[in-house]
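Since every read-out is calculated from the coordinates, none of them should be taken as a lab result. These numbers come from a predicted model, not from an experiment. In this analysis, Cβ positions are derived from the backbone assuming ideal geometry, glycine residues included, and neighbour counts consider all displayed protein chains.
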Amino acid sequence: MFPYSDRPDAYWTGYFSARANNKEYIRRASHNFHASNQLYAIKMLDQSLTKEEEQAILNVNYDMLDKIGIVQHHDAVTGTGKQAVADDYSFKLYTGMVENNKEYSKMIAENV
């Protein structure tokens, strides 16, 4: 199967070594998601939360979960996708982590 070529002199190689930075970014985003998810779960047990606060937590959690799921696609996690696709995956992770970290940082500040 490998190396796969989709046009002359253009091979899809580096299955394990391609885009190491993207793979690290996926790992960091996953760690960020799991850490924030634990704090969100504890916060959701708080009976004094308003519906708006609950919805804000759920929105960022679902959004981050969706983006983490997207980057589990075989082209993202292996690094075999085209550069534009890899850039899109990174951008999705970036926007997901920015929004997630707003809520996550707020909760950390409340608990310190």
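Kindly indicate which of 85, 77, 71 is in contact with a Phe, Trp or Tyr (Cβ under 6 Å, 6 or more places away or on another chain) and under 30 Å from residue 10 (Cβ atoms).
71
For the list (1) among the aromatic types (Phe, Trp, Tyr); (2) over 20 Å from residue 24 (Cα atoms); (3) without any contact (Cβ under 8 Å) to a residue 40 or more places away in the chain, I need the number of the one condition that residue 104 fails.
(3)
Hey, can you tell me all the residues within region 68-112 that are surrounded by 13 or more Cβ atoms within 10 Å (Cβ to Cβ) and not in a helix (DSSP H, G or I)?
71, 79, 80, 81
Looking at 104, 94, 62, which one is in contact with a helix residue (DSSP H, G or I) (Cβ under 6 Å, 6 or more places away or on another chain) and of a type in the set (Phe, Trp, Tyr)?
104
Just one of (1) part of a loop (DSSP other than H, G, I, E, B); (2) over 10 Å from the mean Cα position of the chain (by Cα) trips up residue 52, so point out which.
(1)
Out of the residues in region 32-49 meeting the condition of being over 20 Å from the mean Cα position of the chain (by Cα) and assigned to a helix (DSSP H, G or I), tell me which one is surrounded by the most Cβ atoms within 10 Å (Cβ to Cβ). If you could, list the steps in order and put the result at the bottom.
Initially, region 32-49 is screened for residues over 20 Å from the mean Cα position of the chain (by Cα), giving 42-49.
Pick out the ones that are also assigned to a helix (DSSP H, G or I) and you get 42-44.
Numbers: 42: 11, 43: 17, 44: 13.
Once the filter is applied, the top-ranked residue is 43.
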